[in-house]
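A.B. asks: What follows is a structure written as C-alpha cells; I'll ask about it next.
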Amino acid sequence: MINKKVNNVKEALSGVANNMTFMLGGFGLCGIPENAISELVRLGVDNLTCISNNAGVDNFGLGLLLQNKQIKKMISSYVGENDEFERQMLSGELEVELTPQGTLAEKCRAAQAGFPAFYTPAGYGTEVAEGKEVREFNGKMHVLEPAYRADYAFVKAWKGDEAGNLIFKGTARNFNPLMCGAASITVAEVEELVPLGELDPNQIHTPGIFVQRIFQGEKFEKRIEQRTVRQRS
Amino acid sequence: MLDKNGIAKRIAKEVKSGYYVNLGIGIPTLVANFVRDDIEVEFQSENGILGMGPFPFEGEEDADIINAGKQTITTMPGASFFDSATSFSMIRGKHVHLTILGAMEVSENGDIANWKIPGKMVKGMGGAMDLVASADHIIVAMMHTNKRGESKLLKRCSLPLTGVGCVTKVVTNLAVLEVKNNQFYLLERAPGISVEEIKSATEGTLIVEGEIPEMNF
C-alpha cells in the first residue's frame, strides 16, 4: 500500500500558490470540496483559475473565494444564483469561460486518461465553436476540444481509505471522479476515512492511483440549494 | 389556449414505453406528472441520476440526491447514480431517446436558441448544448410568442444559438408542430384556437395540410 493519508486540510493543500489553476468537483453545492475551499480562503492565494461546473452561491462554495476576489478566471457551464459573481463579471474584474457541461466533464476525463483532445458535436454552429477546429464524422459536424491542464484537483468523496481509494454517494459523485488524476496533484477530502481493507475492492469508484493526498474533512455542512418536498397525502 | 400544465400534458403523450427521457428545467419538468402509470419510462438528470423519482417527503431530503435544477429529489426502484462523463455518454451516445427542453426561439430549420440574451447577464448553457447536439428526438416546450407578443417560431433565430438543425417537434400554448424540410408543419391546434390564429403567431414558414385536428389528451 502506498499511503496517501495526510493529517489535515493544511497539509493537504501544501504547495498551493498564487496564479495556479484548480479543478473543483461538485454540481451546484452537491459534492463540493468544502474543507479545501475554506482553507483556500484562509490561505488567501489569488489570481486563481478555477475549473468547476458552477461557481457556488454568494456565501458558500466557490462564492467564498469570489467574495475574497481570489479568482481571476472561472471555467464553468452554469454560473447563476450568485450576485457577486454577476457583479465581478459585468465589471470585467472576473474572466469567464462558459463550456457545455458534457464537454467540461470530458475535458477533465481526457486529462485524466491522457487524451490531449477529443471531438464532440456539442456547440457546433454556436459561439462556443468559434475559432476551433471542426471536422465531419459520419455526416455530422464536430468541434475539437482540448483536455484541461491543472495544478491541483480538489475533490470530495463519501468514503475513502489510506490508499486513496474513493466511494461517492448519490449525485455528489458528478465531476469528482473525473477530476481525480486530471491535475498534477489530486487532493481528496472524505466524510469518512476508513481503515485499510474495510472498503470492498468491488465497490471502489475511483482507484487510489488517481489520488495523491487524502484526508477526513473536519466538517461538512452539505448545504441544500433548492429544498423541494411533497406533502404526505 | 393551453397553460404550462396543458403543454406538459400534451407532451406527455409523446413519451413512449421503453424510453429514457431527459427533462429540462421549467415546463419540461412538469411532463413527468402527466406520463401514464402503465408507460415504462426512466427519467435521466444530467447531474448523474437515472430513474429519478418525485420530490422527497418533508424531513427526508438528502443533500446528496438532487436533480439538474439542484432540487432535492428521490430515486425510483432500479435507479442508478454515475459521474458526469457517464451521464453525457448516455446523452451524446444517443442512449437517451427523448430530450424535452424549453426555448426562447426556434427556427424553421430546427435551430434553437435558449441560453443567452446579449446585453443581459449570461448564466451559461449548462448541459443544453450537449443535449441538443446529440438527441435524435428533441421536443421544445414553450409559449408560441414572447412577452411582447412576437413570434418565437422564426425563419431564423435572432439570439445566439444553442444548437443547429436539431429540433424535431414544438409544443406551444397554441399548437403542435413538426419541424422538417426547413418548415413548420402544423399537426394539431390547442382547444379553441383557429388555424388563422396560429398562422398570425408564426413568423417562420407554416405548412397547413388538410383539416388540422384539435389536440386531445
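The numbers here are math on the coordinates, done by the rules we state, and not lab data. Computed from a predicted model, the values in this text were never measured in an experiment. Reconstructed Cβ throughout: ideal geometry from the backbone, glycine too, with neighbour counts over all protein chains shown.
A.B. asks: Within the stretch B:113-149, count every residue that is in contact (Cβ under 8 Å) with a residue 24 or more places away in the chain and more than 10 Å from chain A (Cβ to nearest Cβ).
C.D. replies: Initially, the stretch B:113-149 is screened for residues in contact (Cβ under 8 Å) with a residue 24 or more places away in the chain, giving B:113-118, B:125-146.
Now drop any that are not more than 10 Å from chain A (Cβ to nearest Cβ), which leaves B:114, B:117-118, B:135-146.
Result for the stretch B:113-149: 15.
A.B. asks: Ok, one more. Go over the candidates B:Glu203, B:Glu197 one by one and state the one that is over 22 Å from B:Lys9 (Cα atoms), of a type in the set (Asp, Glu), more than 14 Å from chain A (Cβ to nearest Cβ) and outside any strand (DSSP E or B).
C.D. replies: Only one candidate qualifies: B:Glu203.
A.B. asks: Are any of the residues in the stretch B:160-180 within 11 Å of chain A (Cβ to nearest Cβ), of a type in the set (S, T, N, Q) and not in a helix (DSSP H, G or I)?
C.D. replies: Yes, the stretch B:160-180 contains a residue that is within 11 Å of chain A (Cβ to nearest Cβ), of a type in the set (S, T, N, Q) and not in a helix (DSSP H, G or I).
A.B. asks: What do you reckon, is A:Gly80 away from chain B (no Cβ under 13 Å), over 14 Å from the mean Cα position of the chain (by Cα) and among the small types (Gly, Ala, Ser)? So that I can check it myself, show each step before the final result.
C.D. replies: Details: away from chain B (no Cβ under 13 Å): no; over 14 Å from the mean Cα position of the chain (by Cα): yes; among the small types (Gly, Ala, Ser): yes.
For A:Gly80, the condition - away from chain B (no Cβ under 13 Å), over 14 Å from the mean Cα position of the chain (by Cα) and among the small types (Gly, Ala, Ser) - is not met.
A.B. asks: Which of (1) among the aliphatic types (A, V, I, L, M); (2) out of contact with any Cys (no Cβ under 6 Å at 6 or more places or on another chain); (3) over 21 Å from A:Asn174 (Cα atoms) does B:Ile138 not meet, given it meets every other one?
C.D. replies: (2)
A.B. asks: Look through A:Thr186, A:Thr126 and report the one residue that is surrounded by 20 or more Cβ atoms within 10 Å (Cβ to Cβ), of a type in the set (Ser, Thr, Tyr), touching a helix residue (DSSP H, G or I) at 6+ places or on another chain (Cβ under 8 Å) and under 21 Å from B:Ala128 (Cβ atoms). I'd like the intermediate steps shown before the answer.
C.D. replies: Numbers: A:Thr186 fails: under 21 Å from B:Ala128 (Cβ atoms).
Answer to the selection: A:Thr126.
A.B. asks: How many residues does the stretch A:84-129 contain that are within 11 Å of another protein chain (Cβ to nearest Cβ), under 21 Å from the mean Cα position of the chain (by Cα) and charged (D, E, K, R)?
C.D. replies: Of the residues in that region, 5 qualify.
A.B. asks: Hand me the list of strands (runs of 3 or more DSSP E) wholly inside the stretch B:1-104 holding 2 or more residues that are within 23 Å of A:Leu29 (Cα to Cα).
C.D. replies: B:19-23, B:41-45, B:49-52, B:75-81
A.B. asks: Failed condition for B:Gly48, given (1) within 14 Å of chain A (Cβ to nearest Cβ); (2) free of Cβ contacts under 8 Å to residues at least 24 places away in the same chain; (3) out of contact with any Leu (no Cβ under 8 Å at 6 or more places or on another chain), with all others met?
C.D. replies: (2)
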